[in-house]
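Here the structure is laid out as structure tokens; the discussion comes afterwards.
Laboratory data are not the source of any read-out in this text; all were calculated from the coordinates shown. These numbers come from a predicted model, not from an experiment. Ideal geometry is used to build each Cβ from the backbone, glycine not excepted, and the neighbour counts take in all protein chains shown.
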Amino acid sequence: MGGFFGAASKNDCVTDVFFGTDFHSHLGTKRGGMTAYSEEKGFQRAIHSIENSPFRTKFEGDASGMEGKLCIGCISDSDPQPILVRSKFGIYGICNIGIINNYEELANELLNTDFSNFETMSSGMVNSSSLIGTLIAQKPTLVEGIRYAQEKITGTLSLALLTKDGIILARDKCGRLPIIIGKRDDGYCFSLESFAFQKLGYSTFKELEAGEIVMLTPDSCEILAEGSGNCKKVCSFLWTYYGYPNAVYEGVTVETMRTRNGQIMAEIDMENGTLPDVDYVCGVPDSGIPHAIGYSNRSGIPFARPFVKYTPTWARSFMPQNQNMRNHVAKMKLIPVHELIEGKKLLFVDDSIVRGTQMRETVEFLYENGAKEVHMRSACPPIMYGCKYLNFSRGNSDLDLIARQIIHEKEGEKGVEFILEYSNSRTERGKYLRDEICRRLKLTSLEFQSLEGTVRAIGLPESDLCTYCWTGKQ
């Protein structure tokens with residue numbers, strides 16, 4: 001998915017952007033980048049791979065060598081960013097977060113008109129920021145160009161442009177990803193994660209509206225274009241999975257939502273008479289833990305950690321690009337606490353069930369270490385569609401998703417017509433889905449949070465949330 005951070009200050013702000021960008025490392029695994037501007041040195045840029053080494057270690061040297069009162073940084077899950085663009089608007093640095101699903105179509109469209117070449121990566125793919133810059137140049141002003149690019153792109157586009165005069169920010173037109181502005185005595189900053197600038201002494205100034213475009217200078221946050229008003233579809237997974245625990249989006253704190261979500265799941269089990277007789281409630285680390293704490297608090301079943309993750313060398317199990325290596329790393333990281341597993345009946349809460357691969361290995365790991373029963377609660381509804389707006393749960397096919405595999409094997413192509421029935425635990429199809437996942441993953445019992453429960457836990461109107469991966473609807 002990626003994340004970004006930047007600042008416009010009366011003082012040198014490169015160090016702030018170095019730390020602020022680093023605080024977004026949980027959102028991307030491929031590349032990091034920084035671009036600064038000063039009158040003395042002009043534009044300075046550094047980009048490094050962060051697949052096998054964290055952002056901090058790769059950029060400490062660059063940050064000490066850069067200078068500027070304007071600076072942006074980016075954690076990318078795809079392209080090298082930020083890039084420098086020379087256009088009719090002058091030279092600027094640009095980075096984006098989101099996803100462009102129709103980049104090939106757009107690139108070909110531009111190549112067949114007035115443009116003969118693009119910057120490409122070693123894979124031959126067009127750099128997304130290069131494509132965006134070309135689209136922006138189709139219009140007479142930067143603001144009109146940004147609007148045009150967002151309209152032409154199928155997917156999600158939030159971006160930051162570093163010019164000699166300030167930083168232009170544009171939140172994607174449906175607001176799926178946040179951009180939050182911070183303020184300090186010496187200037188302004190922007191961030192996807194609010195806690196990133198709070199640690200640097202900034203306070204929250206405003207959160208951009210969906211589609212809003214602003215310009216940051218050391219003295220002001222100027223609105224260049226109003227937001228899109230009634231169009232807002234914030235990604236629900238920001239709270240369920242993606243976001244860092246102390247992040248705040250649309251006024252809702254991630255940790256608070258997850259704890260409340262677990263409480264709601266326990267209430268539903270208690271109302272339905274499906275609260276299992278277990279020794280402990282446990283969370284699959286890390287994002288499953290607050291959901292589990294909420295479940296434990298509401299159900300009265302003690303919370304415990306039967307295994308911990310060893311993270312000093314492999315902080316993120318999805319770091320390696322090879323799937324076999326990722327699976328192996330995920331397994332190697334789990335360190336059992338034997339006295340909390342042997343002979344125990346355990347209920348685990350995880351943020352989601354996507355393909356089921358890692359969960360299957362986790363369950364096998366627990367049985368190998370003596371667990372008597374393993375029950376599972378998913379903190380969100382069954383994932384039925386690969387995300388087409390961000391990078392979560394993406395794959396070659398929706399049939400990579402365990403829920404869709406099971407539906408397809410039972411119903412064939414027409415199974416998609418019964419998605420809502422399979423999501424509902426009260427229907428025969430819903431019961432079949434849960435029983436089959438239990439069989440495949442060797443679970444004693446399984447339940448999913450409902451869509452209604454998820455919306456209630458977030459506390460925003462359902463109309464303001466993107467729930468595509470569960471319902472197939474924007």
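Using Cα atoms only, what is the angle between the long axis of helix 428-441 and the major principal axis of the chain, expressed in degrees (0 to 90) to the nearest 10?
Roughly 90 degrees between the two axes.
How charged is the neighbourhood of residue 260? Take every other residue with its Cβ under 11 Å from the Cβ of residue 260, and add Lys/Arg as +1 and Asp/Glu as -1.
Residues close to residue 260 contribute a combined charge of +1.
What FRET efficiency would be calculated for the residue pair residue 91, residue 357, taking the C-beta separation as r and a Förster radius of 41 Å, to the nearest 0.05? Before the final figure, lay out the partial values.
Numbers: r = 45 Å, r/R0 = 1.11.
Given R0 = 41 Å and the Cβ-Cβ separation, E is 0.35.
Can you list, bin by bin at 5 Å, the percent of alpha carbon pairs in segment 252-471, starting at 0?
All Cα pairs, binned at 5 Å, distribute as 1, 7, 14, 19, 21, 18, 13, 6, 1, 0 percent.
If you average 1/r over every pair of different alpha-carbon atoms in segment 3-229 and take one over that average, what Kirkwood value in Å do you get? Don't jump to the answer; show the numbers that get you there.
Numbers: mean 1/r = 0.0581 Å⁻¹.
Averaging 1/r across every pair of different Cα atoms and inverting gives 17.2 Å.
Over the chain, what is the mean sequence separation of C-alpha contacts under 8 Å (at least six apart), divided by residue count, expressed as relative contact order in percent? Display every interim value, and only then the final one.
Numbers: 1056 pairs, mean separation 55.0, N = 474.
Averaging sequence separation for qualifying contacts and normalising by length gives 12 percent for the chain.
For segment 126-137, just list the computed ³J(HN,Hα) in residue order, Karplus coefficients 6.51, -1.76 and 1.60, θ = phi - 60°, integers in Hz, with x standing in for Gly and Pro.
Karplus-based 3J(HN,Hα) across segment 126-137 equals 6, 4, 4, 5, 5, 4, 4, x, 5, 5, 4, 5 Hz.
Within a Cβ distance under 12 Å of residue 410, other residues only, what is the Lys/Arg minus Asp/Glu net charge?
On the way: positive: 404, 414, 429; negative: 409, 411, 413, 421, 428, 435, 436.
Here the charged neighbours net out to -4.
Roughly speaking, what is the centre-to-centre gap between segment 64-81 and segment 127-177 when only Cα atoms are used, to the nearest Å?
17
Restricting attention to segment 48-90, which trypsin sites (Lys or Arg not before Pro) occupy a DSSP loop and are surrounded by at most 12 other Cβ atoms within 10 Å? If you can, show how the numbers build up before the last one.
Values: sites: 56, 58, 69, 86, 88; in loops: 69, 88.
Qualifying residues, ordered by number: 88.
Would you work out the relative contact order for segment 252-471, in percent, from Cα pairs under 8 angstrom that are 6 or more residues apart?
Values: 377 pairs, mean separation 44.0, N = 220.
About 20 percent, as a whole number.
Would you compute, for the Cα atoms of the chain, the largest minus smallest coordinate along each principal axis and list the three values in descending order, in whole Å?
If we take the Cα atoms of the chain, the spans are 68, 46, 40 Å.
Separation of segment 236-263 and segment 430-474 by C-alpha centroid, Å?
Their Cα centres are 16 Å away from one another.
Quick one: net charge of residue 462's neighbours, Cβ under 10 Å, K/R +1, D/E -1? Don't skip to the end; give the middle numbers.
Working: positive: 456; negative: 452, 464.
Computed value for this residue: -1.
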